[in-house]
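One structure is given below, encoded as structure tokens.
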Amino acid sequence: MIQDLHRIVELIEAEWCSKRVLVIGDIMLDRYIWGDVERISPEAPVPVVRAQHRNERPGGAANVAMNISGLGAKATLFGFCGVDGDRISLEACLLAAGVESALTPVQGHPTTTKLRIFGGRQQIVRLDTERNDGYGADAYESLIASAVAAMGSADAVVLSDYAKGVLTEDLCKRIIQAARAKKVPLLVDPKQRDFSRYRGATTICPNLSELCAATGLPKGDLNALLDAGQKMVAELDLDYMTATLSEQGIALLRADSRFIAPAAARQVFDVSGAGDTVIATLALAAASKLDMEAGVQLANIAAGVVVGKVGTVPVDRDELLTSLSPEIELLAKEKVLSLDHLKVRTSAWRSAGERVVFTNGCFDLLHIGHITLLEDARREGDRLVVAINSDASTSRLKGPTRPIVGERERARILAALSAVDAVVIFDDPTPLRFIQEIRPDVIVKGGDYEESTVVGANEVRSWGGTVKIVPTVEGFSTTRLISKAATGPND
């Protein structure tokens, strides 16, 4: 069970949208050509790929920014680019993803691009366009000045090092000092063997190979590696180190303790971009002051989403919520939602291709008739939302002696049922506003209704949904239970 699940769900559904993260580093444009291989070229012993599909995506540090934006937060990207058509393509991709570009164009340098050609799922070749002879002092000063100026409104900073020349020792030192001065957490995804240039960061996030290179130790002795990582925390004045250990999970290393969040078993198609997803998730955890033990568990889950994709593809909020669903379903309180949270939750369900069913009622003194209705409703789709009348609404509808059970208790009891995926409380005379907001695929009501009398029937049919009337269980009602309680079981 992930730690602090309630806080995590609250962050994803409601709070990350207000966070801003600055991403500084090596920016590139990833291009892909997908096709089929049916023969070998007569010109040379190489496969002939018949191109069928092309796309392009921001890569390197830009992919970190894409992950942050995909998770619902605001990302501002700093780095170098060329004065060329690839820069225009890159900025268009970033704009479409909601990432703010603060790129520094450099004359004479191309925008770094990587073209990958696939035959089926197999990568055939990669073609890189780049220069590795460094940038001028004016370019660095411009980049640093713009990043430091933006730091006042930032909740976290990420340095994403792809060893393409942006993150020099001087730049790292000055950005880290500025972040420390403003008390903004700063996370580093390293590529250098010598981690000393990242001294003073909040955390460094190496993968297993990078940690081996920095410590000079082999992969086979994990305990010694983690011991060495813990020593680095003190030596480099870090708050902690977060090391990704491939299939073994993520280690959170402090000078005097360690915690390992094990990786969940997943079908792995491509690990490219997983490190970007990890540091993006950790940056938002740090920006939100989440306990980092919970942060690394969440980053593990996010990374598990992207390794199931081909190519450098960021995670998004809906996918992360879907991955958390098995744990959310075990806790009733995580299924009692406000309307705003419910809209986020239903968006995640729809992104996973799931049909949303809606029903409503007072559900005062839950009985077998209620249970049967809910189970029948759940069979009409993949997710069931139950809207219940508030205490005030129930009193207006049923009389001043009702409800018997308060709205919070009724909601929590319903949420504990396996057939129910979300419960929301409404105070309006009808749940029409809620139906219009979440746009369910099916509305279900009990057999004492006709379609013409079902609130929201016209609306749900207008967007292609349906209304389903299910049979009621005769002889069971809250009124009858109240009467029996008043007169005794034998009357």
**Report entry** Between helix 274-287 and the chain: long-axis angle, C-alpha atoms, 0 to 90°, nearest 10
**Finding:** 70
**Report entry** Farthest positive-ward along the chain dipole, Cα basis, beta-carbon charges - from Met292, Pro403, Val473
**Finding:** Pro403
Report summary line: Output ordering of 160-171, 422-433 (per-residue mean of other Cβ within 10 Å, highest first) is 160-171, 422-433
Report task. Evaluate the distance, in nm, between pseudo-label points positioned 7 Å from the Cα of Asp227 and of Gln123 along their respective Cα→Cβ axes. Result -> 3.6
Report task. With both partners inside region 20-105, how many of the DSSP beta bridges are antiparallel, as a percent to the nearest 5? Result -> 55
Query raised in the report: Any idea what diffusion coefficient region 31-93 gets from Stokes-Einstein, in µm²/s, Kirkwood Rh on alpha carbon pairs, 20 °C, 1.002 mPa s?
Result: 148
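Using 0.36 nm times the number of residues separating Ile368 and Arg131, minus their current alpha carbon distance, what extension gain do you get? Write out the running numbers ahead of the final one.
Numbers: separation 237, 0.36 × 237 = 85.32 nm, distance 7.13 nm.
Computed gain between Ile368 and Arg131 is 78.2 nm.
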**Report entry** Ordering of 69-81, 190-202 by packing [mean C-beta count within 10 Å, highest first]
**Finding:** 69-81, 190-202
Requested in this report: Mind checking which of Leu143, Phe434, Pro45 is farthest towards the positive end of the chain's charge dipole, using Cβ charges of +1 (Lys, Arg) and -1 (Asp, Glu) about the Cα centre?
Outcome: Phe434
Query raised in the report: So how far apart, in nm, are the two label points at Met1 and Ala163 if each is 7 Å from Cα heading toward Cβ?
Result: 4.4
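Translational diffusion coefficient of region 81-160 at 25 °C, 0.890 mPa s, Stokes-Einstein with Kirkwood Rh over Cα pairs, in µm²/s as a whole number.
Approximately 164 µm²/s, per Stokes-Einstein.
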Query raised in the report: Which values of log₁₀ I(q)/I(0), to two decimal places, follow from the Debye formula for the chain at q = 0.06, 0.12 Å⁻¹ with a uniform point scatterer at every Cα?
Result: -0.37, -1.05
Query raised in the report: Over the chain, what is the percentage of antiparallel beta bridges among all DSSP beta bridges, to the nearest 5?
Result: 35
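Would you mind checking Lys19/Lys343; Lys114/Lys173; Lys191/Lys219 for any pair whose Cα atoms are more than 25 angstrom apart?
On the way: Lys19/Lys343 20 Å; Lys114/Lys173 29 Å; Lys191/Lys219 17 Å.
With Cα atoms farther than 25 Å apart: Lys114/Lys173.
Diagonalise the Cα gyration tensor of region 66-201 and give the resulting equivalent ellipsoid semi-axes, square root of 5 times each eigenvalue, largest first, whole Å. Present the calculation step by step, with values, prior to reporting the outcome.
Details: eigenvalues 133, 66, 55 Å².
The three semi-axes for region 66-201 are 26, 18, 17 Å.
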Report task. Identify all aspartates and glutamates with a Cα-Cα distance to Lys468 below 19 Å; exclude those on the same chain that are fewer than 8 residues away in sequence. Result -> Glu354, Glu375, Asp376, Glu380, Asp382, Asp421, Asp441, Asp448, Glu450, Glu451, Glu459
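In debye to the nearest 20, how big a dipole does the chain give about its Cα centre with +1 on each Lys and Arg Cβ and -1 on each Asp and Glu Cβ? Walk me through the intermediate numbers first.
Numbers: 55 positive and 64 negative charges, 39 e Å.
Value, rounded to 20: 180 debye.
Each value in this text was obtained by applying a stated rule to the coordinates, not by laboratory testing. What you see is a predicted model, and the numbers here were worked out from it, not measured in a lab. Positions of Cβ are backbone-derived with ideal geometry, glycine not excepted, and every protein chain shown enters the neighbour counts.
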